[in-house]
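Before any comments, here is the structure.
The values are calculated or read from the model by the stated rules, or taken from the named source; none is laboratory data. Here the structure is a predicted model, which is why all the values come from computation and not from measurement. We place every Cβ from the backbone using ideal geometry, glycine too, and count neighbours over all the protein chains shown.
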């Protein structure tokens, strides 16, 4: 026969087992819920961290690109300033050589060549009044030579005027025909300015300029 004491112990045992199972189940649910919340929070933190990193990376890249762009602009300006400097240095030296040329013996041959070109240009204008614009030095030294050369092949009245705007060569003008032929050295230089600059810059870039 089961005593009351034994019944109480049995009941207590069953109750403990029931409570243990319930507690274990609730604890498991709580753990799962907690793990889920922790994982969700971790995902959110990771996502936010990645967004912050991405923004920081993009900001850094933007700043780097801006700095690089500014550096390129500065370098380009420095290069252009250097090229311009050496261009003017070259042109100063070139003008020195040009001044030497217009005083040399070879200059007369150059004048003969452009006189020949002039005669070809005006051959259709007979008995014209031709005004030749020359430097003061060329009028003093070559006016007779120029007039003689033109008269050999063309019938026209030749007169001369001093020009302070040219370095050499001449500008021929048929006033009554409204025709001006610029055969000055300055015109030749201007016509070839782009080629001259390009050649100078290519030489500078190749490192062939020795100052």
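Some points to look at:
- Within segment 100-118, the only residue that satisfies the criterion of being exposed (fewer than 12 other Cβ atoms within 10 Å of the Cβ) and within 39 Å of the chain's Cα centre (by Cα) is 100.
- Looking at 117, 95, just one residue is outside any loop (DSSP other than H, G, I, E, B), touching a residue at least 40 places away in the same chain (Cβ under 8 Å) and out of contact with any strand residue (DSSP E or B) (no Cβ under 7 Å at 6 or more places or on another chain), and that residue is 95.
- Flag if residue 74 is in a helix (DSSP H, G or I), more than 18 Å from residue 190 (Cβ to Cβ) and at pLDDT 90 or above: no
- Residue check for residue 178: surrounded by 14 or more Cβ atoms within 10 Å (Cβ to Cβ) and free of Cβ contacts under 8 Å to residues at least 12 places away in the same chain: no
- All positions within segment 120-136 that are in contact with a strand residue (DSSP E or B) (Cβ under 9 Å, 6 or more places away or on another chain) and surrounded by fewer than 12 Cβ atoms within 10 Å (Cβ to Cβ): 126, 127, 136
- For the condition crowded, with 16+ Cβ neighbours inside 10 Å, modelled with pLDDT of 90 or more, outside any helix (DSSP H, G or I) and in contact with a helix residue (DSSP H, G or I) (Cβ under 6 Å, 6 or more places away or on another chain), residue 170 does not qualify.
- Residues satisfying the stated conditions in segment 120-167, i.e. over 19 Å from residue 103 (Cα atoms), assigned to a strand (DSSP E or B), without any contact (Cβ under 8 Å) to a residue 40 or more places away in the chain and out of contact with any helix residue (DSSP H, G or I) (no Cβ under 6 Å at 6 or more places or on another chain): 156, 157, 159, 161
- Filter pass, residue 157 being exposed (fewer than 14 other Cβ atoms within 10 Å of the Cβ), out of contact with any strand residue (DSSP E or B) (no Cβ under 6 Å at 6 or more places or on another chain) and on the phi < 0 side of the Ramachandran plot: no
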